[in-house]
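Reading through the structure tokens given below for one structure.
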Amino acid sequence: MVEDSLSPAAITDGLATRFIGQEVSCYPSLPSTNDVAKHKARQGAKEGTVIVAEEQTAGRGRIKRRWLSPRGSIALSIILYPELAYLPSLIMVASLAVAGSIEQVTNLKAQLKWPNDVLVNGKKICGILVESDVRGNKVDYAVIGIGINVNLKLSDYPEIAPMATSLSQELGRDVSRHEIIRSLLTEAERLYLALPDGDSVFTQWRNRLVTLGKKVQVGSGKATYRGIAESVTADGSLLLRQPDGNLLKIVAGDVTLR
Ligand code: BTN
């Protein structure tokens, strides 16, 4: 192992952000960092506050799935108070920030899979869960939850091993989680602050999606659709060209490449 445990001091050491990661709380174990982040947001935590856990005992994924985050992985949540118009872009900010941090720290090539997976060599290395509370047209808070498989031996987790990987598995050595977190928080702030400047974050996200142009199967609710993943819209939806020529807009779902 390149480090024993995560600490706020080591995360903030040299972190040149204005607000994301300037307040950090690290916990040895939590059910879910997103739940603690939501609780702190409701109590008025500063924008950019980060909650980190060494392990989660009830980590949550999308569509009520479980998310495994044992020691050696990164589980963190960032509290933000965006304008309503920027809410759909948070997944883009988070995915690009994770991909950028993996590439900067390890030189591995990261790919994005719609809607919110980060892959390395075609296998899932990170999951992102954005949760928010909106009242009327005002966002009370948004929480970006990020789980990254860093120093994990996937053979210890046979239930995810076929489709998942970790940075240590890809590199054959352990990676500093502090370095990944610092780079991730720096990238996240840069991209978040760029949201008012037009569609550059959306364009970067769209250009990085490995899903586009591929034959896919999309599970959405109880329905399954097949077709070509043609494009995405600025609100993060997928545009699927169906075999009958119709273009279907899918707001939420799970993609399998065919
Ligand atoms: C997914 O791929 O389905 C999303 C997984 C999101 C996991 C992260 S880990 C930190 C935060 N806390 C949680 O309980 N979930 C998110």
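The values are calculated or read from the model by the stated rules, or taken from the named source; none is laboratory data. Keep in mind the model is a prediction, meaning the values are calculated, not measured. Methodologically, a virtual Cβ is constructed for each residue, glycine included, from the backbone with ideal geometry; neighbour enumeration extends over all protein chains shown. Quick note on the areas: whole protein, heavy atoms, side chains included, nothing else; ligands and nucleic acids left out. Shrake-Rupley method; radii C 1.70, N 1.55, O 1.52, S 1.80 Å.
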Quiz item: At what distance in angstrom do the alpha carbon centres of region 165-240 and region 100-153 lie from each other?
Solution: 7
Quiz item: Which helices of the chain meet both criteria: a Cα extent of 15 Å or more along the helical axis and a mean Kyte-Doolittle score no lower than 0.5, with helices taken as whole DSSP H segments?
Solution: 90-106
Quiz item: In Å², what does the accessible area per residue of the chain work out to with a 1.4 Å probe?
Solution: 46
Exercise. Rounded to the nearest 500, what is the 222 nm mean residue ellipticity of the chain from helices alone, with -39500 (n - 2.57) per DSSP H run of 4+ residues and division by all residues?
Key: -7500 deg cm²/dmol
Exercise. List, in the order given, every pair from Lys38/Lys215; Lys46/Lys249; Lys38/Lys124 whose Cα-Cα distance in the structure shown is over 30 Å.
Key: Lys38/Lys215; Lys46/Lys249
Quiz item: For the modelled label position 7 Å from the Cα of Tyr157 along Cα-to-Cβ, which residues of region 66-108 have backbone nitrogen atoms closer than 15 Å?
Solution: 66-76
Quiz item: Do you know the relative contact order of region 102-194, to the nearest whole percent, from alpha carbon pairs under 8 angstrom that are 6+ apart?
Solution: 20
Practice problem: Using only the Cα atoms of region 212-257, build the gyration tensor, take square roots of its eigenvalues as a ≥ b ≥ c, and label the shape rounded, prolate or oblate: rounded if a/c is under 1.5, else prolate if a/b is larger than b/c, else oblate. | Solution: rounded
Practice problem: Would you kindly find the accessible area of Asp197, with a 1.4 Å probe and non-protein molecules such as ligands, DNA and RNA excluded, rounding to the nearest 10 Å²? | Solution: 120
Quiz item: Direction-averaged shadow area of the convex hull around the Cα atoms of region 28-128, nm²?
Solution: 7.1
Quiz item: In debye, nearest 20: dipole of the chain around its Cα centre with unit charges on the Cβ of K, R (+) and D, E (-)?
Solution: 900
Quiz prompt | Distance in nm between pseudo-label sites at Arg18 and Asp174 (7 Å out along the Cβ direction from Cα) | solution = 3.7
Quiz item: So for region 94-253: antiparallel DSSP bridges make up what percent, rounded to the nearest 5?
Solution: 95
Practice problem: List the residues of region 53-88 whose backbone N lies under 19 Å from a point placed 7 Å from the Cα of Asn137 along the Cα-to-Cβ direction. | Solution: 81-88
Exercise. Could you work out the Rg to Rh ratio of the chain, with Rh taken as the Kirkwood radius (inverse of the mean 1/r over all Cα pairs)?
Key: 0.95
Quiz prompt | Exposure rank, largest accessible area first [His39, His178; 1.4 Å] | solution = His39, His178
